[in-house]
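Engineer: Have a look at this one.
The values are calculated or read from the model by the stated rules, or taken from the named source; none is laboratory data. Only a predicted model underlies this, so the values are computations on that prediction, with no experimental measurement involved. Glycine gets a Cβ as well: all are built from the backbone with ideal geometry, and neighbour counts include every protein chain shown.
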Amino acid sequence: MAMNLAQAWWAIVLRGVAGVVFGVMALFWPPSAFALVDGVFNLVSAVRAPPGQKWGMLVFEGVVGILTGVLTFFWPGLTGLALVLLIAAWSAITGIAEIAAAIRLRKQIQGEWLLGLAGLLSIAFGVLLFIAPAAGAVAIAIWVGAYSIVFGALLIGLGFRLRSWATRQTPSAPVPRPA
C-alpha cells in the first residue's frame, strides 16, 4: 500500500500545489472551489490505486469534498452561517480521514506525520469555524487561504518525501562488469 501511494507522489504534490494556489487566490475564489478540487484529486488518487488496495478513506474524503463544493456552488443563496458550518464539517471530516490514513501508514513509510499534521490542521480549522461562525466572509476567505497554503505545503512535503522513500525502496540494477 505504501509503495502504491509513493508511486503516486506526484498526485499528492499536485494536490498540495492546488492548495497553495487556492490559498493565495482565496480572496478571489469561493472557499467551495478548494473543497471541490481537493475532492476530485482524492478520487483520482483512489481510482489510480491498484485493484485490491483499500482506498476507502480517499474515496470517502473525495466524495465529501465534491459534495461540499457542489452544494455551496449551486446554492449560493445559503445563509453565511450554513456555508460556514458546511465548510467546518467538511474540514473536520477530512481531517479525521487524513489522521486515519496516517495511522495506517505509520509502520510502512517515514514522514506519515505530515499527513497526520495536515489532518490535525483540518480538524482545528473546522473547530475554529464552528466556534466563530459569524466571523464574516472576509475573515473566512483569509482563514481558508491560510489553511489552504499550509495544508498544501504539508502535502507537497509529503509527496516529495514519498518520492524519496520510493526511490530508496526500489533495488538498483546491477552494474555490468567490464569483460
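Engineer: Give the residue, chosen from Phe73, Phe28, Phe34, that is part of a helix (DSSP H, G or I), under 18 Å from Ala146 (Cβ atoms), of a type in the set (Phe, Trp, Tyr) and modelled with pLDDT under 75.
Structural biologist: None of the other options fit; the residue is Phe34.
Engineer: Report, ordered by the first and then the second residue, all pairs with beta carbons closer than 8 Å, sequence separation of six or more or different chains, a first member in the stretch 36-61 that is within 13 Å of Trp9 (Cα to Cα) and hydrophobic (A, V, I, L, M, F, W, C), and a second member that is outside any helix (DSSP H, G or I) and modelled with pLDDT of 80 or more.
Structural biologist: Going by the 8 Å Cβ cut-off, there are no qualifying pairs.
Engineer: Right, Ala139: at pLDDT below 85, among the small types (Gly, Ala, Ser) and over 20 Å from the mean Cα position of the chain (by Cα) or not?
Structural biologist: yes
Engineer: Mind checking whether some residue in the stretch 112-129 is touching a helix residue (DSSP H, G or I) at 6+ places or on another chain (Cβ under 9 Å), at pLDDT below 85, surrounded by 15 or more Cβ atoms within 10 Å (Cβ to Cβ) and not in a helix (DSSP H, G or I)?
Structural biologist: no
Engineer: Of the numbered conditions (1) in a helix (DSSP H, G or I); (2) surrounded by fewer than 18 Cβ atoms within 10 Å (Cβ to Cβ); (3) modelled with pLDDT under 85, Gly145 fails exactly one; give the number of that condition.
Structural biologist: (2)
Engineer: Another question about this same structure. Can you name the residue in the stretch 158-176 that is of a type in the set (Gly, Ala, Ser) and surrounded by fewer than 18 Cβ atoms within 10 Å (Cβ to Cβ) and, of all such residues, is modelled with the lowest pLDDT?
Structural biologist: Among those residues, the one meeting the criterion is Ala173.
Engineer: Taking Gly111 and the conditions (1) in contact with a Ser or Thr (Cβ under 8 Å, 6 or more places away or on another chain); (2) under 30 Å from Trp165 (Cβ atoms); (3) not charged (D, E, K, R), which numbered condition does it fall short on, given that it satisfies the others?
Structural biologist: So Gly111 meets the others, but not (1).
Results for (1) in contact with a Ser or Thr (Cβ under 7 Å, 6 or more places away or on another chain); (2) under 15 Å from Ser148 (Cβ atoms); (3) at pLDDT below 80; (4) not acidic (Asp, Glu), shown as yes or no for each residue.
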| position | (1), (2), (3), (4) |
| --- | --- |
| Val44 | no, no, no, yes |
| Val59 | no, no, no, yes |
| Thr79 | no, no, yes, yes |
| Leu83 | yes, no, yes, yes |
